[in-house]
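A.B. asks: Starting off with a structure, shown below.
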Amino acid sequence: MELIRTVTLLARWLEEYGPGDYRQLAPPAGREDIDTVTEGKFPLHPDIRAWLALHNGSAYERLSPAGAFVPLDYALLDTPHMRQGLRDMEAEVARAMSEGDEEYVVGTMADVCWVPVAANHTGGLLVVDHRDGPGHGAVLEVDPSIGLEGVRRWDSLSHLFDSVLDALVHSRALVTGSGVAAVPRVHATGPVPPHIVWELHYI
């Protein structure tokens, strides 16, 4: 599977150049834990299953700034936080429907078929779309703090890892959900071992 190969290469790169991030890669999740993410409501996308079978998130030490190597500052969630994130999505959709706000919320800010896979410090989420249709498996960004409403960032979780690896290896910019270029740099000062930070370049 392409995702397994890409994540293996990414882990090797981080081990050599970003050991702080590498240390944050959690051990594999067990099959039973992976099965609990959607609580049987719908099948979990194979990309997520493959990722979790390699690493149960990238924030092994919760208080460390390392591990957020997906721009901008996204750390990948473990199975309990994915499950809770989906429950939060369901609660927000239920609230919106009860208050008549569904046209402003459902499919833009929350959806019962969006599985959160990463979070940043501003409250932003990366979610994998599990709705039927051509967008199935795509990675969307939701961040109310900067007005992002389900913006499509990558075609798949595999595409996300491939793009991050390419950016790191070749020092290439990635365009953020708000349209700003982010360039990776290894931050090697301070008490945390070298880890990736993304510098914004406004055009």
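A.B. asks: Take Ser158 and tell me if it is crowded, with 18+ Cβ neighbours inside 10 Å and not in a strand (DSSP E or B).
C.D. replies: Against the criterion (crowded, with 18+ Cβ neighbours inside 10 Å and not in a strand (DSSP E or B)), Ser158 qualifies.
A.B. asks: Output the residues belonging to the range 188-203 that are open to solvent by less than 50 Å² (accessible area, probe 1.4 Å) and closer than 15 Å to Val70 by Cβ.
C.D. replies: His195, Ile196, Val197, Trp198
A.B. asks: Considering only residues that are in a loop (DSSP other than H, G, I, E, B) and charged (D, E, K, R), which ones fall in the range 1-56?
C.D. replies: Within the range 1-56, Glu39, Lys41 meet the criteria.
A.B. asks: Moving to a separate point now. Taking the stated definitions as given, is Ala96 at pLDDT 95 or above, part of a helix (DSSP H, G or I) and farther than 18 Å from Val139 by Cα?
C.D. replies: For Ala96, the condition - at pLDDT 95 or above, part of a helix (DSSP H, G or I) and farther than 18 Å from Val139 by Cα - is not met.
A.B. asks: Between Arg95, Arg49, Arg87, which is within 28 Å of His195 (Cα to Cα), basic (Lys, Arg) and either surrounded by 17 or more Cβ atoms within 10 Å (Cβ to Cβ) or out of contact with any Leu (no Cβ under 7 Å at 6 or more places or on another chain) (or both)?
C.D. replies: Arg49
A.B. asks: Kindly provide the set of residues from the range 52-67 that are touching a helix residue (DSSP H, G or I) at 6+ places or on another chain (Cβ under 7 Å) and open to solvent by 70 Å² or more (accessible area, probe 1.4 Å), ordered by number.
C.D. replies: Tyr60, Glu61
A.B. asks: Among the residues in the range 120-138, are any of a type in the set (S, T, N, Q) and either open to solvent by less than 10 Å² (accessible area, probe 1.4 Å) or outside any loop (DSSP other than H, G, I, E, B) (or both)?
C.D. replies: For the range 120-138, residues of a type in the set (S, T, N, Q) and either open to solvent by less than 10 Å² (accessible area, probe 1.4 Å) or outside any loop (DSSP other than H, G, I, E, B) (or both): absent.
The values are calculated or read from the model by the stated rules, or taken from the named source; none is laboratory data. Please read all numbers here as calculations on a predicted model, not as lab measurements. Because the Cβ atoms are built from the backbone with ideal geometry, glycine has one as well, and the counts that use them run over all protein chains shown. Heads up: the accessible areas ignore ligands, DNA and RNA and are worked out on the full protein's heavy atoms, side chains in. Shrake-Rupley method; radii C 1.70, N 1.55, O 1.52, S 1.80 Å.
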